[in-house]
1. Going by the conditions given, is A56 surrounded by 17 or more Cβ atoms within 10 Å (Cβ to Cβ), over 37 Å from the mean Cα position of the chain (by Cα) and without any contact (Cβ under 8 Å) to a residue 12 or more places away in the chain?
2. Can A42 be described as free of Cβ contacts under 8 Å to residues at least 40 places away in the same chain, surrounded by fewer than 20 Cβ atoms within 10 Å (Cβ to Cβ) and within 19 Å of T213 (Cβ to Cβ)?
3. So Q122 fits all but one of (1) part of a helix (DSSP H, G or I); (2) more than 31 Å from the chain's Cα centre (by Cα); what number is the exception?
4. May I ask you to verify whether D340 is open to solvent by less than 10 Å² (accessible area, probe 1.4 Å) and acidic (D, E)?
5. Scan region 349-363 residue by residue and report those that are in a loop (DSSP other than H, G, I, E, B) and open to solvent by 50 Å² or more (accessible area, probe 1.4 Å).
6. Between residues in region 223-234 that are at pLDDT 95 or above and residues that are of a type in the set (S, T, Y) and surrounded by fewer than 22 Cβ atoms within 10 Å (Cβ to Cβ), which pairs lie under 8 Å by C-beta distance while being six or more apart or on different chains?
7. Which of the residues spanning region 73-114 are open to solvent by less than 60 Å² (accessible area, probe 1.4 Å) and under 22 Å from I217 (Cα atoms)?
Amino acid sequence: MADEKSETQSSNQMWGGRFASGPDAIMEEINASIGFDKKLYAQDIRGSIAHATMLAHKGIISADDKDKIVAGLQQILSEIESGAFEFSRKLEDIHMNVEARLATLIGPAAGRLHTARSRNDQVALDFRLWVKEELQKTEKMLSALIAAFLDRAEEHAETVMPGFTHLQTAQPVTFGHHCMAYVEMFGRDRARVRHAIEHMDESPIGAAALAGTGFPIDRHMTAKALGFREPTRNSIDTVSDRDFALEFLSIAAIAATHLSRLAEEIVIWSTPQFGFIRLSDAFSTGSSIMPQKKNPDAAELVRAKTGRINGSLVALLTVMKGLPLAYSKDMQEDKEQVFDAAENLELAIAAMTGMVRDMTVRTDRMKAAAGSGYSTATDLADWLVREAGLPFRDAHHVTGRAVALAEQKGCELSALSLDELQAINPAITEKVYDVLTVEASVASRTSFGGTAPANVRQQIAWWRERN
């Protein structure tokens, strides 16, 4: 009871005497954020060391007090990382938990640390630092995923497979080209990450509660010490802004959507009906009742996490949509969404990178399926335009008749006899058979960005220079 009373008194002292008694249980429960914002401990301590160093440099606190503060904060960091630190819900958040422990360690000098700052700019700094570091981690993980796809694309630059629209066979493509489509998608995700880092690279510390401070602080000094390009320019916006968190969640949601599309293809491709790939046991599970089953659970869970990440984005957008300037306590609800999305995005990227590197590509099944569904019909139409001089719409009509005949006979286009094709259009010659194989089809798609193996290898080389 004595310890509890002491903690309550300590909390009240930090509030500057505004409240005569401690909050009741309900207020404590709704107000406390230490259960999740303790994740910001390293950023909080790092920011406080930079702030104290600047205060001493400007003569606002003494060098002796600064040294005590820095030594105390470094000890607290060691205690937290070793698991010896005891977090208290009564002290609400990470900032007050650290400051209370600092006061125990070094006495009155701890009270000078909060000079010329507020918890408003302090939390903005901690959170921004955390998001920036998370974006840097995401950038590296996306680069690893891109590298995995580049390796598979190089391995399968000539492996033919069916290309789909509406999940119906459309035209033959190469598996390497299909892999490079995901390189483009995740490359855009990485570009968004890099832009977000550049966009948010401003230091909030020194904006104080909302109006700045009358102390002669040097915000450029703290910005540089903390690895930011420069300080923010408007103190009201600084403590109000959570765009960096929304941007992170937007990037996470788009990247997760890309991961989900890939996961869906992996699920489809690994079915016996397709059989394009085989996942290893490392990324599959069995059935509790059906011994033959091999379920693509890792891909399915990646697919599901997209909903969770999208939900985090919508949740924070909803929290922020009606807030007046400057700071409101509603903004305490920002961190759990970002922390959860970050954790799940990391896991999803790691799992997908593992699956891409680990899966067995069944080239025989891909090739067998590549010619199904009359996938070279467009090649026949193109040939009629090039060689017979037909307008494309007429060529399209002729090809449609050829497909109908092949469908009626239950054979592929290439199995129709020359007499049968000439009965549809007499301009067709023996040379048409040169374009009706899937290999000839993909080799002919040499337009920039097309599926021809030579193009795929050029795409790979371009991306390897940039990865």
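1. Details: surrounded by 17 or more Cβ atoms within 10 Å (Cβ to Cβ): yes; over 37 Å from the mean Cα position of the chain (by Cα): yes; without any contact (Cβ under 8 Å) to a residue 12 or more places away in the chain: yes.
Here the answer is yes, as A56 does meet what is asked.
2. It is false that A42 is free of Cβ contacts under 8 Å to residues at least 40 places away in the same chain, surrounded by fewer than 20 Cβ atoms within 10 Å (Cβ to Cβ) and within 19 Å of T213 (Cβ to Cβ).
3. Condition (2) is where Q122 drops out.
4. Values: open to solvent by less than 10 Å² (accessible area, probe 1.4 Å): no; acidic (D, E): yes.
No; evaluated as a whole, the condition is false for this residue.
5. Listed by number, the list holds a single entry, R362.
6. A225/T53
7. Within region 73-114, L73, H95, E99, A109, A110, G111, L113, H114 qualify.
Here's the yes/no breakdown for (1) more than 43 Å from the chain's Cα centre (by Cα); (2) in a helix (DSSP H, G or I); (3) touching a residue at least 60 places away in the same chain (Cβ under 8 Å):
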position: R365; (1), (2), (3): no, yes, yes
position: G373; (1), (2), (3): no, yes, yes
position: L384; (1), (2), (3): yes, yes, no
position: L405; (1), (2), (3): yes, yes, no
position: Q408; (1), (2), (3): yes, yes, no
position: C411; (1), (2), (3): yes, no, no
position: S414; (1), (2), (3): yes, yes, no
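The values are calculated or read from the model by the stated rules, or taken from the named source; none is laboratory data. Everything quoted here is computed from the prediction, not taken from an experiment. Positions of Cβ are generated from backbone atoms using ideal geometry, with glycine treated the same way; all protein chains shown enter the neighbour counts. We work out accessible area using only protein heavy atoms, side chains counted, and drop any ligands, DNA or RNA first. Shrake-Rupley method; radii C 1.70, N 1.55, O 1.52, S 1.80 Å.
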